[in-house]
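In what follows, a single structure is set out as structure tokens and then discussed.
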Amino acid sequence: MTNHPKTAAPDQTQPHPGPLARVDICEAVGLAVHPGGKRPLVGDLIWDFADLEDLPVHLRPGQVRLDFTSIRNPKWRPLAQEYLFARLAPGHEAVRHLPSAFRIPLHFDTCRSRLAELARWFNWLTRRRVTSLQDVTQQHCQGFYDSRRHTRGTHGGPLRPTSSHTLMTAAQAVQEPVFYNDLFTTDRFTDGFIPWAGRTPYQVAGRTRSTENVVQPLRDEALRPWLAAALYIVQTLGLHVLDLIRAVRQYDDGAPWPGEGTHLERLEAAIRTHLDQGVPLEPVGAREIGSRLVEGWSAEDPLLALNVLSIAREAGLAVFSYRHLAPLRPLLERTVAAVGLRPRWAGNAAPVERADNAGTVPWTEGFATAEEAGHMVERVRTACQVVVALLTGLRGSELAAMPLDACVPPQDLGAGRTRYRLRTKLIKGQEQLGGVWDE
């Protein structure tokens, strides 16, 4: 076996005595890793798969790590690794001979869910002073299962019943590791012991397999207003938001101050330019106004919403020193009264038709900061996702995987009919971690 770089610090690795010791997980499962990337090994207490090639876009950094330190009993951490490795790589030579092992590999995301529930089960045993799996009985299994019947609050009291899916997951965490008993090296269940013998986790949780969607289609009276609102945002505001994005990206604070003088003189000259040319000053964002009020500014102060930093930048200064505010206040108040305030971006917004067809209004009141503009971009992006999801039925993972060239050229079906297609990756249920392309 070749030597591979360790993915964890010395205190994140523990000796592993079994046949899976220091096995390269990515190599065994068939997952491609970026050149020089981290390769988790059996025995590492944290399996970090962040350097995998073709990783699904919808997975966040915390979702590509399996952290076995969440299991309190160190003796059961190698056992959990052996179990999850076997679920990821059922064809490995150390796994495939097990008579009761599952033969279909689990998706990485499912393994993360399995580990979370397995940690709950093992830690539940630890709190009841069970230190060996040899001592686990059906009474323990049923006790843990019953503890998962309700979502609990911070003080441990039951809040509401959990779903049948949660109960099934709990039953899986208790029952499935028993089928890998012969693989375990640090502890084992009693030979022949199977929780809820003769019953599957589905049956324990009272679930029945169904070909129907668990989530039923949205009722028309809810779907139509939601889709109409999202379409209005996309079709009416979308192009303006694209212009907004370009304006924010191309924004330039201007050329350096060409003249001489002290900072105070340069600030005064910049303010007088606004007053003489009738150019409005810039406001600050709502967050900054709130901070000023907390700091003791009066809500009636005419300079409460004034962006003094923008004036400093026009004067060629990186910051605005508030010791200059008092001597400049009379000029600033006179200028604000004369020219007013106008947001930096979209201050003169183009008119658009109202959603209720009651005339036209500016598409926005403007944005004082790039952060506020970013919030608007996020709202439009969300509307785009709603439209695509409702019209196509794509999952969230498939929406996230859509490339920039997702729109396939329309297909003319004749008789005035046109078929539109989107190109993305199918993630759920696919053997390949990153999914497969589909239209």
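The values are calculated or read from the model by the stated rules, or taken from the named source; none is laboratory data. All of these numbers come straight from a predicted model, not from anything done at the bench. As a convention, Cβ positions derive from the backbone with ideal geometry for all residues, glycine included, and neighbour counts pool all protein chains shown.
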Exercise for the section: Those residues that are closer than 24 Å to Gly192 by Cα and surrounded by fewer than 16 Cβ atoms within 10 Å (Cβ to Cβ), I need them from segment 99-119; list them, please. Expected result: Pro99, Ser100, Phe102, Arg103, Ile104
Handout entry: Count of segment 420-434 residues which are closer than 19 Å to Thr110 by Cα and in a strand (DSSP E or B)
Key = 2
Handout entry: Qualifying positions in segment 419-439 - in contact with a helix residue (DSSP H, G or I) (Cβ under 8 Å, 6 or more places away or on another chain) and on the phi > 0 side of the Ramachandran plot
Key = Gly435
Practice task
Consider Leu332 carefully, then state whether it is out of contact with any helix residue (DSSP H, G or I) (no Cβ under 9 Å at 6 or more places or on another chain), within 23 Å of Gln277 (Cα to Cα) and touching a residue at least 60 places away in the same chain (Cβ under 8 Å).
Solution key: no
Problem - Residue list for segment 183-231, filter: hydroxyl-bearing (Ser, Thr, Tyr) and within 27 Å of Arg149 (Cα to Cα) - result: Thr190, Thr200, Tyr202, Thr208, Ser210, Thr211
Practice task
Just need a number here: residues in segment 203-241 that are assigned to a loop (DSSP other than H, G, I, E, B) and surrounded by fewer than 13 Cβ atoms within 10 Å (Cβ to Cβ).
Solution key: 13
Exercise for the section: Working carefully through the options Arg77, Arg103, Arg96, Arg72, find the one that is at pLDDT 95 or above and in a loop (DSSP other than H, G, I, E, B). Expected result: Arg72
Problem - Test: residue in segment 399-419 that is modelled with pLDDT under 90 and part of a helix (DSSP H, G or I) - result: yes
Practice task
State yes or no: is Arg287 within 37 Å of the chain's Cα centre (by Cα) and under 25 Å from Val234 (Cβ atoms)?
Solution key: no
Practice task
Pick out the one residue from Val294, Val380 that is among the β-branched types (Val, Ile, Thr) and in contact (Cβ under 8 Å) with a residue 12 or more places away in the chain.
Solution key: Val380
Exercise for the section: Hey, can you tell me all the residues within segment 392-404 that are closer than 25 Å to Leu244 by Cβ and out of contact with any helix residue (DSSP H, G or I) (no Cβ under 6 Å at 6 or more places or on another chain)? Expected result: Ala400, Met402, Pro403, Leu404
Handout entry: Residue that is surrounded by fewer than 18 Cβ atoms within 10 Å (Cβ to Cβ) and either outside the structural domain of Ala401 (by TED's automatic domain parsing) or out of contact with any strand residue (DSSP E or B) (no Cβ under 6 Å at 6 or more places or on another chain) (or both), where the choices are Arg77, Arg65
Key = Arg65
